1. Express in % the proportion of alpha carbon pairs of segment 272-385 at distances exceeding 24 Å.
2. Kindly put 130, 558 in sequence by how many other C-beta atoms sit within 10 Å of each C-beta, fewest to most.
3. Among 460, 446, 563, which residue has its Cα positioned farthest towards the positive end of the charge dipole of the chain, with +1 placed on the Cβ of Lys and Arg, -1 on the Cβ of Asp and Glu, and the dipole taken about the Cα centre?
4. Give me the mean projected area, in nm² to one decimal, of the convex hull enclosing the Cα positions of segment 4-50.
5. Just want to confirm a number: the relative contact order over segment 4-50, from Cα pairs under 8 angstrom separated by 6+ residues, in percent.
6. Specify which residue in the list 163, 111, 500 is farthest towards the positive end of the charge dipole of the chain, using unit charges on the beta carbon of Lys, Arg (+1) and Asp, Glu (-1), about the Cα centre.
7. Any idea how far the Cα center of segment 529-562 sits from the one of segment 444-497, in Å?
8. I'd like the distance separating the alpha-carbon centroids of segment 377-420 and segment 160-213, in whole Å.
Amino acid sequence: MTEARDIHPLVATAAEQLARGKTDRRDFLRTATLLGMSAGAAYGMAGRILGDGAAVPAAAQETATPRDGGTLRVSMAVPEVGDPATFDWMEKANIARHVIEYLTVIGADNVTRPYLAESWEASDDLKTWTLHLRPGVTWHNGDAFGADDVVFNFERWLDPATGSSNQGLFAGLTEDYETGETNEDGTAKVGRRMRDGAVEKVDDLTVRLHLSSPSLSVPENLYEYPTAIVQRGFEANRPPTELVGTGPFTIVEHAVGERCILQRAEGAYWGSNLDDPFIGGPIHLDAIHYLDHGAASTAQLAAFASGQVDAIYEFNKDSYQMAEAIPDSVIYEAVTSHTVCIRMQVDKEPFTDHRVRRAIQLCCDAKRYPELIYQGRGMVGEHHHVAPIHPEYFPLPPLEQNHEEARRLLEEAGHGDGLALSCDCGNTNGPWQQQVLELFKQQLAPAGIDLTINLMPADQYWGIWDKTPFGITAWTHRPLATMTLSLGYRSGTAWNETHFADPEFDTALDEAEGLVDVEARRAAMEKVERILQDAAVMVQPIWQPIFFIASAKVKGMTAHPTQAHQYHKVWIDA
């Protein structure tokens, strides 16, 4: 990473705010590392400012010497693994991330670190980012990794034909263009594509990004799960067993809904000499077996309790007591910005009428959800998809339940005799999503809204999640709210499931993304949150805690807030 003489000038702003108590250690570490400081240097600076000498945390406080060898067996849904640029399940990324890797990595401490990119630099205005790639990295087929691979990936991500959600993350590299098609009203249909010159190959190990607007989150965006780096020439229609990567494992067997078998790749792993508490270093495991027992089901815990697996992906809160009763095990819990959105597509009836959407939103008493759904765990949602744990969160006044106003709005919109709705639900990670809808069904009834819950298998829901006019969608944790908002609510992006399009919102989000000053960024987020909440495109009542369990013999395991599987340090004490 950057030497002291090369520290970005905005690090001084972050340090001053930490010293004045205007920000905390977590936010300082995130900002400093995004601006190019190493994690060790950022931790050291924070320790000097706060006077506590804090050091980079260890991934696991193990006293025993790690043992090499063995197979880690994990119960997790095994979905189809296709084009990494279009990944929409974390389970897909967890299978692939052991094979294909990322330019950056976010540890379980939520701090961004170098990975395939050895370092990076940002211009003073945060519009130009220079990525210095790690030398000596090779693909499994022996080819050298370099700038051509990175440029190839950016071109694929930002090609509208790919359909990647990364277009939203890297909006500053794109431009609008007329597709040659027309909308229903006869106007020209507009798409987004990469601007000429936006991604520059400087040399074989250097790539420069030229953004049209400032963005602090570029390094964190590079660890969003659809940004895994594939080799130039990658073809999306090849089977997973032919996936060529730079990682320590290869896929040798993959059967959707059954199993995925990964084995150590032949030859030396480039990251074996990395000194980081979360990734890199000598790989201890010989193999990883993902076995599909269903999504967040009691079957996962039953398989674990019976010794069929050593760990599971997650379990839901209804199974917590069952998990506690399993001997010789460790429960891992992460406070996250995982959530669900009961979202409406604003271009589909009856949700084209803002009064209908606002009436639906006003029926929600969000304060009841953490207690009734998660026994007091989790946090109350505010219908704008920004969590209290996000560093840029601005607390808006609570949106209170108001059935009288909801009924008035429905009558004004022509639904005085009531409104019947059907909401699609895939129960992606356990029955809690259905429970959220059951509670919401009760809250809708006094306003004259009759809700039917349409349950379907998770894989069926993910086939229509961006098409259904009314559905409940799970959204995983992101360390910055601006990342989620860019993915889900920017005009015309691939994951914009509500079809919300507001230039004022896009502009306000651009402004917030480019601010390093934490107070200014939070102030800017007030407008972003208010626009989205007032648009009433969703009901978002709760932020979900995440649980998983592993055998006590599995060492070096960490609870990552995004549920990313980082098994570089994991070993099995036989």
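Each reported figure results from applying straightforward, stated rules to the coordinates on display, with no laboratory input. These figures come from a predicted structure and were not determined experimentally. So basically every Cβ, Gly included, is an ideal-geometry build from the backbone, and we count neighbours across all protein chains shown.
1. Details: 3455 of 6441 pairs.
In whole percent, the long-distance tail amounts to 54.
2. 130, 558
3. Toward the positive end, the furthest listed residue is 563.
4. Working: hull surface 10.9 nm².
Averaged projected area of segment 4-50's Cα convex hull equals 2.7 nm².
5. In percent, rounded to a whole number, it is 41.
6. So the residue furthest toward the plus end is 111.
7. Segment 529-562 and segment 444-497 have Cα centres spaced 15 Å from each other.
8. 34
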